[in-house]
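*Asks:* Submitted below is the structure of interest, expressed as structure tokens.
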Amino acid sequence: MSISIKIRQAYSEIDEFLGLLSEKQRNEIPKKLRQFFKEEKDQEYFKNIDKDIPIKDQNLKEETLAIIALLNLQYWCKDEEKKRLRAIYTQNEKEYQDMLYEKYNPNDIFKRKEETVVENNIETKENMQMVEYKETILKRVLNGILKFLHIR
């Protein structure tokens, strides 16, 4: 299984982030995991992380932020903080799943949809609907005869 370039770059950012932590915080993460980030990172990708700027303003990759959140939850948080963060993560996941369900609701797939089209600054709405095409009676009879005669 190969790791994508995006993930390797995120590992590079994580490795650099871990280098900025205190020895105590760094040692709370298992050595094998730290070694994994070091070995699997993109050796040609460098992100200058400034420890004076908040992490959210560093323009880090989404994957990096997710890994940092996981490391925080798993290794640095105490019990009360873990419960609070898990509740937040659970709520966020529920909202995300609800949004996906609303967007891709299996019950509404074949219902009529309106699509807004903007042409030359004029907004129009087009109705779209699934259309079922049925064979004509003549075509069905002809297909039945061909089936009976094993021609088709």
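*Asks:* Tell me, which helices (runs of 4 or more DSSP H) wholly within the stretch 1-93 include 3 or more residues that are open to solvent by 70 Å² or more (accessible area, probe 1.4 Å), of a type in the set (D, E, K, R) and at pLDDT 90 or above?
*Replies:* Because the criterion is at least 3 residues that are open to solvent by 70 Å² or more (accessible area, probe 1.4 Å), of a type in the set (D, E, K, R) and at pLDDT 90 or above, the helices (runs of 4 or more DSSP H) in the stretch 1-93 that meet it are 31-40.
*Asks:* Could you grab the pairs with beta carbons closer than 9 Å, sequence gap of 6+ or different chains, first residue in the stretch 131-150 and charged (D, E, K, R), second one modelled with pLDDT under 80?
*Replies:* Listed pairs, sorted by first residue: 140/134.
The values are calculated or read from the model by the stated rules, or taken from the named source; none is laboratory data. A quick note: this is a predicted structure, and the numbers were derived from the prediction, not measured. All Cβ positions, even for glycine, are placed from backbone atoms using ideal geometry, and neighbour counts span all protein chains on display. Only protein heavy atoms, including side chains, enter the accessible area calculation; ligands, DNA and RNA are left aside. Shrake-Rupley method; radii C 1.70, N 1.55, O 1.52, S 1.80 Å.
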